[in-house]
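Undergrad: To start, I am sharing the structure in question, which I have written as structure tokens.
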Amino acid sequence: MHAVGPPFFFRWISPEYLVCDLPGSEKVIYLTFDDGPIPEATPEILDILAKYDAHATFFMVGDNVRKYQAIFDEVRRRGHGIGNHTFHHLNGWHTPPGAYIDDVHRCREYFDSKLFRPPYGRFTPSQYFLLHKHYRFILWSVLTYDFHRHVTPVQCLEYAIGHTRSGSVVVFHDSVKSMPNVRYALPGVLEHFVNLGFRFQSIGKI
């Protein structure tokens with residue numbers, strides 16, 4: 001069984017500075033998609049979301065936005081949220097702080113967002129210190145493992161449904177390797193929770 005939630009020590013950090021979930025009194029779930037936009041995945045995901053009148057937040061790699069501006073524009077046109085996922089999908093543990101911060105800020109050449117999700121959930125204290133005054137770090141409460149080569153579509157759906165609650169921030173990916181799982185699990189998640197009276201919203205400017 002994979003660890004579906006975030007690393008435990010993230011829970012020690014105040015949600016004012018690092019968000020793992022967004023609890024509230026309403027039945028709301030926050031779907032998020034990392035690594036896009038790309039033509040092989042993002043448009044299909046947008047169509048699936050539209051069938052359920054669901055909105056999500058897309059944490060986008062700046063270089064993909066540069067290459068696929070029309071898809072980025074379509075995500076925004078459909079009313080979804082946008083977040084920064086670095087320009088080159090950098091691993092913070094393997095990148096010096098200055099280079100990492102420059103890569104995050106480079107996304108502003110193509111779009112601006114106060115929401116930031118570090119790729120792989122990996123960042124150092126110094127990177128956090130340099131970025132947190134400019135961005136709200138958005139982690140997750142449910143990781144679906146749609147990207148994992150040993151996770152089947154059925155398992156991906158089970159991870160999502162079994163761990164998602166009101167206020168959950170759920171991670172999927174709009175990437176080529178994730179699409180076989182996403183294509184199966186995403187409609188299943190939407191169908192299940194819509195039938196229970198949940199709504200799917202993008203993460204606002206928190």
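The values are calculated or read from the model by the stated rules, or taken from the named source; none is laboratory data. Remember, predicted model here, so these are calculated numbers, not experimental data. Here the Cβ positions follow ideal geometry from the backbone for every residue, glycine too, while neighbour counts run over all protein chains shown.
Undergrad: From R108, R77, R66, which residue is touching a residue at least 12 places away in the same chain (Cβ under 8 Å) and basic (K, R)?
TA: R66
Undergrad: Scan segment 95-102 and tell me whether some residue there is of a type outside the set (S, T, N, Q), within 23 Å of V170 (Cβ to Cβ) and buried (at least 20 other Cβ atoms within 10 Å of the Cβ).
TA: Checked against the condition, which is being of a type outside the set (S, T, N, Q), within 23 Å of V170 (Cβ to Cβ) and buried (at least 20 other Cβ atoms within 10 Å of the Cβ), segment 95-102 yields no hits at all.
Undergrad: Kindly establish whether E40 is farther than 23 Å from Q201 by Cα, in contact (Cβ under 8 Å) with a residue 60 or more places away in the chain and not aliphatic (A, V, I, L, M).
TA: So E40 fits the description; yes.
Undergrad: Let me ask you something else. Name every residue in segment 5-36 that is farther than 27 Å from F129 by Cα and either at pLDDT below 95 or in contact with a strand residue (DSSP E or B) (Cβ under 6 Å, 6 or more places away or on another chain) (or both), in order of residue number.
TA: Once the filter is applied, which keeps residues that are farther than 27 Å from F129 by Cα and either at pLDDT below 95 or in contact with a strand residue (DSSP E or B) (Cβ under 6 Å, 6 or more places away or on another chain) (or both), segment 5-36 yields G24, S25, E26, V28, I29.
Undergrad: Would you check if L115 is at pLDDT 95 or above, out of contact with any helix residue (DSSP H, G or I) (no Cβ under 9 Å at 6 or more places or on another chain) and of a type in the set (A, V, I, L, M, F, W, C)?
TA: yes
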